[in-house]
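J.: Starting off with a structure, shown below.
The values are calculated or read from the model by the stated rules, or taken from the named source; none is laboratory data. What you see is a predicted model, and the numbers here were worked out from it, not measured in a lab. Here the Cβ is made from the backbone with ideal geometry for all residues, glycine too, and neighbour counts use every protein chain on show. Only protein heavy atoms, including side chains, enter the accessible area calculation; ligands, DNA and RNA are left aside. Shrake-Rupley method; radii C 1.70, N 1.55, O 1.52, S 1.80 Å.
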Amino acid sequence: MVTNNHSLTTKLTPVLLGIHVVAIPLYPHLPLQVLLVTAVLTLWTLLIISGRVSQPGRLVMLLLTMMVVAVLMLSYGTILGQQPGSAMLLLLSFLKLFEMKSARDIAIVIFMGLFLIASKFFYSQSLLIAIYVFVVVVYLTSLLIVFSDRLGTTRFKARMYKSLRMIIQAVPLMLILFVLFPRIPSPLWGVPKDAQAATTGISDEMSPGSINRLIGSGEVAFRVKFNGDAPSHSDLYWRGLVLSNYDGRTWRLENAPAEAEPLLVPSADEKSRYRYMVMLEPHNQRWLYALETMVEYEGQLAVTREMQVLTRNNVIDVVSYNMRSDIEAENRGLFELERRKNLALPDGLNGESVEFARGLFKDSNRDDRRYIGNVLKHFGETGFNYTLSPPLLGENAMDQFLFSTRRGFCEHFASAFVYLMRAAGIPSRVVIGYQGGTMHPFDDYMIVRQSDAHAWAEVWLDDEGWVRVDPTAAVSPTRIEEGIEHAGLERGLLPSILISDNAIMQRARFMWDSFHNSWNQWVVGYNRKRQQELLEMFGINNATSSDLAMWLVVSMTLAGSLVAWWVIRRESVKQTDMIRSYYDRFCRKLERAGVPHRSNEGATEFMARVVKVFPAKEQELAMITGDYEHLRYGGVEDEARVRRYIRAVRRFKVKS
């Protein structure tokens, strides 16, 4: 190891800790190979800090860099994108610790850590993440203070306090920039394609087990604020996707051409119409959720013929949108191609189910409504069980479910029902989304969780159009009327937030959700519309971009001047006479011990008087007094003596 770098490398432990603190949210997303390299580099850094090995040379650093790139390519297939980019920045931060030559190199690593922790917002912009990032930034700023303090006069607590104070001083400027900076409809840069890659939610296909895997999650899917009363629980069907293509195992999307529009017939009953705003959590897909049946929306959205609501881009941030739905409206559109698509069944599979369907349809006098009722009666009266732990199904899944296992979740019942409808010649399809929701007890919005995920069916009736039929209601009516927590399912598989009997915990969770919802609306979802609403509260109406720029410059100038005045006023005395400040601290200790310093008394005279009272402290008193006089009046800078003086004052103790 290079000798003049020894004092620097021995101080790297808090920096190494800082890198790991920054990377904690990233570790669950990193591949095993990257985690192993991280562990090896950490161990190597600790050996350098302890002095057991020297810093690697240029050739070794080149090989290590090539190894990092190779591991990233092996893990991700690229070094571009959010996840590989974050992993590369993390590993390069470790490598930078191997070539410390000056405090400037330390600062570079800390700045890399600041950039890395900011990239966490690509994964999530939740309130918890914001709090975590704030704490990490305070710690990293304290590290900058450490390596800017040549005399080593500040302790950990003082550094953290000073770091926190510096960041708080910047808060007014940050708030002004956030509130007044002109909002634009699209970001200044593209978000990486792999952003939100690991989000929880409904996918664009359905197979046995795909819905019930979500039921154990208490995560919020979206929140809804109604303009007035909300519908009853049994009417809360939040439509997402329509699946028409079935290959014997999986249901998939097969939408009509984009130019085809639905044929909606609104009801005449005003009581069946609801206006509401949905606050959708990011799920990295294009579709939105709407109360059936959506008849009006705001914004640049697209509605397919199957009544799916789509955005232009994937939802990677919290989005809010306003809608109006009519729960009694009818969708009466059915082309001949749609009829054939929604009657198709895979060849050569589930022969017993097809035979059963045709026999039951014949027994129903070939009446569609009577047949639907008989199928639902069959589900409800012949021993079918609603469960989160259904057995695995084989190639003839419908035959096994209908005549053997008879145990399933909503996707099993919706899939089997649609299969029986098609086998009888009735056009039908699967709809997936959410059913239900819980009104917030302290706020005026509804929470729909991932555990409310649901699948149901739609059938075509010539005189009514597409009609919703939920076969789950025939097996577990309480699931639809009261919610998933009342459906008689295995409680151990449900999220704790639904089944907890702890009133205090439940209240705390709802209060946290209120904070989180406000954060989503006024921080994450702070767009041009929100900005205008806030400015109007202060009497600024119809503000243009130039108006905002003017207010921004004026506000930043005033706030910056006030903050600068406060900082200079507070710090000037302390910064110009640190030696005197520590001597005053020394005098206060003696005053508490019963020996106050007199205003007309010099340092040497004061020491002589104190020695008479505390003769055992003569050596300490002489050293502190001598150092004080030398440093304050000698005119010579002596960093070693300054450190000794400060340590002595801090350690000086005397009993009264």
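J.: If the requirement is being of a type in the set (A, V, I, L, M), in contact with a Ser or Thr (Cβ under 7 Å, 6 or more places away or on another chain) and buried (at least 17 other Cβ atoms within 10 Å of the Cβ), which of these qualifies: Leu180, Leu143?
T.: Sole residue among the options that is of a type in the set (A, V, I, L, M), in contact with a Ser or Thr (Cβ under 7 Å, 6 or more places away or on another chain) and buried (at least 17 other Cβ atoms within 10 Å of the Cβ): Leu180.
J.: Do we find that Thr65 is surrounded by 15 or more Cβ atoms within 10 Å (Cβ to Cβ), in contact with a helix residue (DSSP H, G or I) (Cβ under 9 Å, 6 or more places away or on another chain) and farther than 26 Å from Asp317 by Cβ in this structure? If you could, list the steps in order and put the result at the bottom.
T.: Numbers: surrounded by 15 or more Cβ atoms within 10 Å (Cβ to Cβ): no; in contact with a helix residue (DSSP H, G or I) (Cβ under 9 Å, 6 or more places away or on another chain): yes; farther than 26 Å from Asp317 by Cβ: yes.
For Thr65, the condition - surrounded by 15 or more Cβ atoms within 10 Å (Cβ to Cβ), in contact with a helix residue (DSSP H, G or I) (Cβ under 9 Å, 6 or more places away or on another chain) and farther than 26 Å from Asp317 by Cβ - is not met.
J.: Output yes when any residue across the stretch 352-363 is more than 30 Å from Ala302 (Cβ to Cβ), in contact (Cβ under 8 Å) with a residue 40 or more places away in the chain, out of contact with any helix residue (DSSP H, G or I) (no Cβ under 9 Å at 6 or more places or on another chain) and part of a helix (DSSP H, G or I), and no when none is.
T.: Within the stretch 352-363 (the criterion being more than 30 Å from Ala302 (Cβ to Cβ), in contact (Cβ under 8 Å) with a residue 40 or more places away in the chain, out of contact with any helix residue (DSSP H, G or I) (no Cβ under 9 Å at 6 or more places or on another chain) and part of a helix (DSSP H, G or I)), the answer is no, since none of the residues qualifies.
J.: While we're looking at this one, here's another question. Of everything in the stretch 243-273 that's open to solvent by less than 100 Å² (accessible area, probe 1.4 Å) and among the basic types (Lys, Arg), which residue is farthest from Leu291 (Cα to Cα)? Break it down stepwise before answering.
T.: Keep residues of the stretch 243-273 that are open to solvent by less than 100 Å² (accessible area, probe 1.4 Å), which gives 243-248, 250-258, 260, 262-267, 269, 272-273.
Among the residues that remain, those that are also among the basic types (Lys, Arg) are: 252, 273.
Values: Arg252: 22, Arg273: 10 Å.
In this case the residue turns out to be Arg252.
J.: Continuing with this model, one more query. Taking the residues in the stretch 606-656 that are in a helix (DSSP H, G or I) and polar (S, T, N, Q) as candidates, determine which candidate is nearest to Lys589 (Cα to Cα).
T.: Once the filter is applied, the top-ranked residue is Thr625.
J.: For residues in the stretch 321-332 being buried (at least 18 other Cβ atoms within 10 Å of the Cβ) and either of a type in the set (Lys, Arg) or assigned to a loop (DSSP other than H, G, I, E, B) (or both), which is nearest to the chain's Cα centre (by Cα)?
T.: Here the residue is Ile327.
J.: Please verify whether the stretch 557-578 includes one or more residues that are at pLDDT 80 or above, open to solvent by less than 40 Å² (accessible area, probe 1.4 Å) and either of a type in the set (S, T, N, Q) or closer than 30 Å to Ala603 by Cβ (or both).
T.: Scanning the stretch 557-578, I find no residue that is at pLDDT 80 or above, open to solvent by less than 40 Å² (accessible area, probe 1.4 Å) and either of a type in the set (S, T, N, Q) or closer than 30 Å to Ala603 by Cβ (or both), so the answer is no.
J.: Would you point out the residue of the stretch 587-605, among those that are of a type in the set (Asp, Glu) and assigned to a helix (DSSP H, G or I), that is farthest from the chain's Cα centre (by Cα)?
T.: So the residue we want is Glu605.
J.: Note down all Cβ pairs under 6 Å where the first residue falls in the stretch 14-33 and is more than 12 Å from Val109 (Cβ to Cβ) and touching a residue at least 12 places away in the same chain (Cβ under 8 Å), the second is among the charged types (D, E, K, R) and in a helix (DSSP H, G or I), and they're at least six residues apart or on different chains.
T.: Matching pairs, first to second residue: Pro25/Lys120.
Here's the yes/no breakdown for (1) of a type in the set (Val, Ile, Thr); (2) modelled with pLDDT of 85 or more:
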{"position": "Glu99", "(1), (2)": "no, no"}
{"position": "Ile117", "(1), (2)": "yes, no"}
{"position": "Tyr123", "(1), (2)": "no, no"}
{"position": "Leu128", "(1), (2)": "no, no"}
{"position": "Val133", "(1), (2)": "yes, yes"}
{"position": "Ile145", "(1), (2)": "yes, no"}
{"position": "Arg155", "(1), (2)": "no, no"}
{"position": "Gln169", "(1), (2)": "no, no"}
{"position": "Leu175", "(1), (2)": "no, yes"}
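J.: Is it the case, given these coordinates, that Ala118 is under 28 Å from Glu281 (Cα atoms), among the hydrophobic types (A, V, I, L, M, F, W, C) and surrounded by fewer than 17 Cβ atoms within 10 Å (Cβ to Cβ)?
T.: Working: under 28 Å from Glu281 (Cα atoms): yes; among the hydrophobic types (A, V, I, L, M, F, W, C): yes; surrounded by fewer than 17 Cβ atoms within 10 Å (Cβ to Cβ): yes.
Yes.
J.: What number goes with the only condition from (1) of a type outside the set (S, T, N, Q); (2) open to solvent by 50 Å² or more (accessible area, probe 1.4 Å); (3) part of a helix (DSSP H, G or I); (4) out of contact with any Asp or Glu (no Cβ under 8 Å at 6 or more places or on another chain) that Ile372 does not pass?
T.: Status for Ile372: all satisfied but (2).
J.: Restricting attention to the stretch 434-445, report how many residues are among the hydroxyl-bearing types (Ser, Thr, Tyr) and either open to solvent by 10 Å² or more (accessible area, probe 1.4 Å) or farther than 28 Å from Arg223 by Cβ (or both).
T.: Qualifying residue count for the region: 1.
J.: If you don't mind, there's one more thing I want to ask. Of the conditions (1) open to solvent by less than 10 Å² (accessible area, probe 1.4 Å); (2) assigned to a helix (DSSP H, G or I); (3) of a type in the set (D, E, K, R), Glu485 satisfies every one except a single condition; which number is it?
T.: (1)
J.: Still on this structure, please answer the following. Of the conditions (1) among the aliphatic types (A, V, I, L, M); (2) within 18 Å of His597 (Cα to Cα); (3) open to solvent by less than 60 Å² (accessible area, probe 1.4 Å), Val642 satisfies every one except a single condition; which number is it?
T.: (2)
J.: Restricting to the stretch 446-482, give me the number of residues that are assigned to a helix (DSSP H, G or I), among the aliphatic types (A, V, I, L, M) and surrounded by fewer than 19 Cβ atoms within 10 Å (Cβ to Cβ).
T.: Qualifying residue count for the region: 0.
J.: Okay, next question. Look at the stretch 296-320 and say how many of its residues are surrounded by fewer than 17 Cβ atoms within 10 Å (Cβ to Cβ) and closer than 17 Å to Tyr434 by Cα.
T.: Here the count works out to 1.
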